[in-house]
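Notes for the one structure printed next.
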Amino acid sequence: MNFENMNIWCWLIPALVGIICGILGYLLGKGSAKVIDNSAEINSLKASNTKLKTDLAELNNLKASNTKLKADLDACNQKVIATSKAVPPASSTNVGASATAASFAAGAATSSALAFDGAAAKAAFGKTVKQDDLKLVEGIGPKIEGMFKDHGIKTWKALSEASLEDCQKILDTGGTRYKIHDPASWPMQAKMCYEGKWTELMKWQDEHKHGKL
């Protein structure tokens, strides 16, 4: 009996040890699986933490930039205030006097620059030249001059400011016989008359065969 009992225990003990080892292995495996799951969660939290730190750093940079901009704006406002205080407002009397003087000077300069010099015109053309004679423009004869005056273009200045299209429209009112005339140079020639550039006008008319080219 003793031998049989010992034989049973020899079988029973290894079986119990195996069962216990199996249970421990299961528990260890389960615990290990839990550790892996926790590791993934920890990694996710670390990533979120890193992102939050980055966002915080960017926010701090924005705050610093905002502070600098405010400081620059305050400094600019102070300069504007200081400048406005340093420059006294001009009195209405001084402004009016200055404007009048400037206007008079400009008018005098314009008048002297554009004043008609009959003697200079006569010296250039070898004949007496009447102011605002549109016939002085090569290509314009008495009939065309009359047509232009009928349409309100009565002076060299007015003709110099007329467009080629306007000149052509006036010519068209005279019928087909005026189609041979080319008014392209007329405003330019009138401008030289208006500005008293007689030498330049004579040179241009000579070079262009008196406006025929």
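Before moving on, here are some points about what is shown:
- Selection from the range 137-152 of residues that are of a type in the set (D, E, K, R) and part of a helix (DSSP H, G or I): 143, 145, 149, 150
- A residue that is closer than 30 Å to residue 199 by Cα, of a type in the set (Ser, Thr, Tyr), part of a helix (DSSP H, G or I) and modelled with pLDDT under 80 occurs nowhere in the range 64-85.
- Residue, nearest to the chain's Cα centre (by Cα), within the range 153-174, restricted to residues that are in a helix (DSSP H, G or I) and among the polar types (S, T, N, Q): 160
- Of all residues making up the range 175-210, the number that are exposed (fewer than 12 other Cβ atoms within 10 Å of the Cβ) and either among the basic types (Lys, Arg) or not in a helix (DSSP H, G or I) (or both): 5
- Among the residues of the range 118-136, the ones that are part of a helix (DSSP H, G or I) and surrounded by 15 or more Cβ atoms within 10 Å (Cβ to Cβ) come to 4 in all.
- Single condition residue 161 does not satisfy, out of (1) among the acidic types (Asp, Glu); (2) modelled with pLDDT of 95 or more; (3) within 30 Å of residue 119 (Cβ to Cβ); (4) exposed (fewer than 13 other Cβ atoms within 10 Å of the Cβ): (4)
The values are calculated or read from the model by the stated rules, or taken from the named source; none is laboratory data. Bear in mind the structure is a predicted one, so any value in this text is a computation, not a measurement. As a convention, Cβ positions derive from the backbone with ideal geometry for all residues, glycine included, and neighbour counts pool all protein chains shown.
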